[in-house]
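Read the structure below first, then the notes.
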Amino acid sequence: MATLTVPSSVPAVAEDCEQLHKAFEGWGTNEELIISILAHRNAAQRRAIRRAYADVYGKELLRALGDEIHGKFERAVILWTLDPAERDAVLANEEAKKWHPGGRALVEIACARTPAQLFAAKQAYHDRFKRSLEEDVAAHVTGDFRKLLVPLVSAYRYDGPEVNTSLAHSEAKILHEKIDKKAYSDEEIIRILTTRSKAQLLATFNSYKDQFGHAINKDLKADPKDEFLATLRAIIRCFTCPDRYFEKLIRLALGGVGTDEDALTRVITTRAEVDLKLIKEAYQKRNSVPLERAVAKDTTRDYEDILLALLGAE
């Protein structure tokens, strides 16, 4: 499901470090060399490169990269080079501090990661920012969004396959009753969405469709301009069909007036080692265009090259 391509014979870590150091030397930076190495190493290999580079050259690799490259290319390379938990911590911090109702990074980190990955991200957040993620979300998010997002990022859900079918049936009824009354921020809706396991939620959403004849997200489209409803739908889609959720995010990032590089970079760097192949397939099916072609059309130069490399382009 991952699109990341790693050579069958990976050079020694010391050789990768030496080549990266060479890419930084002289009058110009060798961006092609940076991409050829970092965009073709998995998380463990990138972690080893960062550690060895600091030991040999006395400078953190991320700082060395930041001194040499800039703009959206720099952001893509830095986000990709970070350990996945660190990356999520950085993305969560950025969104918490500049939070706005249309933000989706917190939802993705809380719902499209495993409970263990969310826990690791929160540990990385604590280590990097000397505060808890929950603390910052509570400080910067207001109103109904705070009621929803604080417990969402606080959760440590059961991650097994067991499902209580009678509970799914009864909680589907609760969800329908609250949604029918337009009580979208009711504590029962928030309790169910922020505490139940993925397997339990899928059973509940299936029961909802069986009992009421349509998917829950259809009832949550009562007001398409309501960002709180959009956030509820995003939570549900991250649990039920993450590949289609991220396909839509990329489609919107590429399809508007100007490219939303933040969203595009976030999806590709966070999913390249997870399920970006499925997202590519969903994009091709939905748009009849390969994702690589769409990205190449809307991006340029080194930024285009790093994204295409992570997409698995030859």
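The values are calculated or read from the model by the stated rules, or taken from the named source; none is laboratory data. Being a predicted model, the structure only gives us computed values, none of them experimental. Positions of Cβ are generated from backbone atoms using ideal geometry, with glycine treated the same way; all protein chains shown enter the neighbour counts. Just the protein is used for accessible areas: all its heavy atoms, side chains included, with ligands, DNA and RNA removed. Shrake-Rupley method; radii C 1.70, N 1.55, O 1.52, S 1.80 Å.
Filter the stretch 275-306 down to the residues that are outside any helix (DSSP H, G or I) and touching a helix residue (DSSP H, G or I) at 6+ places or on another chain (Cβ under 9 Å) and list them by number.
Of everything in the stretch 275-306, those that are outside any helix (DSSP H, G or I) and touching a helix residue (DSSP H, G or I) at 6+ places or on another chain (Cβ under 9 Å) turn out to be Asp275, Val289, Pro290, Thr299.
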So which of Asp305, Asp275 is among the acidic types (Asp, Glu), over 24 Å from Cys111 (Cα atoms) and outside the structural domain of Gly102 (by TED's automatic domain parsing)?
-> Asp305
Please give the number of the condition Val267 fails out of (1) free of Cβ contacts under 8 Å to residues at least 24 places away in the same chain; (2) open to solvent by 60 Å² or more (accessible area, probe 1.4 Å); (3) closer than 30 Å to Ala43 by Cβ.
-> (2)
Please specify each residue of the stretch 159-218 satisfying the condition of being more than 22 Å from Leu118 (Cα to Cα) and polar (S, T, N, Q).
-> Asn164, Thr165, Ser166, Ser170, Ser185, Thr204, Asn206, Ser207, Gln211, Asn217
Residue pairs within 8 Å by beta carbon, gap of at least six or interchain, first lying in the stretch 66-82 and in contact (Cβ under 8 Å) with a residue 60 or more places away in the chain, second open to solvent by 40 Å² or more (accessible area, probe 1.4 Å) and not acidic (Asp, Glu), listed first then second, are Phe73/Arg301
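Let's see how each residue does on (1) of a type in the set (Gly, Ala, Ser); (2) out of contact with any helix residue (DSSP H, G or I) (no Cβ under 7 Å at 6 or more places or on another chain); (3) assigned to a loop (DSSP other than H, G, I, E, B); (4) closer than 28 Å to Pro161 by Cα:
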residue	(1), (2), (3), (4)
Leu202	no, no, no, yes
Asn206	no, yes, no, yes
Phe228	no, no, no, no
Val257	no, yes, yes, no
Asp262	no, yes, no, no
Arg266	no, no, no, no
Thr270	no, no, no, yes
Give me the pairs: first residue in the stretch 237-263 and in contact (Cβ under 8 Å) with a residue 40 or more places away in the chain, second residue in a loop (DSSP other than H, G, I, E, B), beta-carbon distance under 6 Å, and six or more apart or on different chains, which are they?
-> Cys238/Ala112; Pro242/Ala112
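Against the definition (among the small types (Gly, Ala, Ser), in contact with a Phe, Trp or Tyr (Cβ under 7 Å, 6 or more places away or on another chain) and open to solvent by less than 50 Å² (accessible area, probe 1.4 Å)), how does Ala52 come out, yes or no?
Working: among the small types (Gly, Ala, Ser): yes; in contact with a Phe, Trp or Tyr (Cβ under 7 Å, 6 or more places away or on another chain): no; open to solvent by less than 50 Å² (accessible area, probe 1.4 Å): yes.
No, not satisfied.
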State which residue is farthest from Asp305 (Cα to Cα) when the search covers only the stretch 17-42 and only residues that are of a type in the set (A, V, I, L, M, F, W, C) and surrounded by fewer than 17 Cβ atoms within 10 Å (Cβ to Cβ).
-> Trp27
Can you find even one residue in the stretch 248-255 that is touching a Leu at 6+ places or on another chain (Cβ under 9 Å), buried (at least 20 other Cβ atoms within 10 Å of the Cβ) and either among the β-branched types (Val, Ile, Thr) or not assigned by TED's automatic domain parsing to the domain that holds Thr299 (or both)?
-> yes
Helices (runs of 4 or more DSSP H) wholly in the stretch 93-179 with at least 3 residues that are without any contact (Cβ under 8 Å) to a residue 12 or more places away in the chain and among the aliphatic types (A, V, I, L, M) - which ones?
-> none
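Conditions tested, residue by residue: (1) of a type in the set (Gly, Ala, Ser); (2) open to solvent by less than 50 Å² (accessible area, probe 1.4 Å); (3) within 20 Å of Ala85 (Cα to Cα).
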residue	(1), (2), (3)
Val137	no, yes, yes
Thr142	no, no, no
Leu152	no, yes, yes
Ala155	yes, yes, yes
Pro161	no, no, no
His169	no, no, no
Glu187	no, no, no
Give the stretch 231-247 a look and list any residue that's surrounded by fewer than 20 Cβ atoms within 10 Å (Cβ to Cβ) and among the polar types (S, T, N, Q), or say none.
-> Thr240
Take the stretch 197-211 and flag every residue that is open to solvent by 60 Å² or more (accessible area, probe 1.4 Å) and under 24 Å from the mean Cα position of the chain (by Cα).
-> Lys198
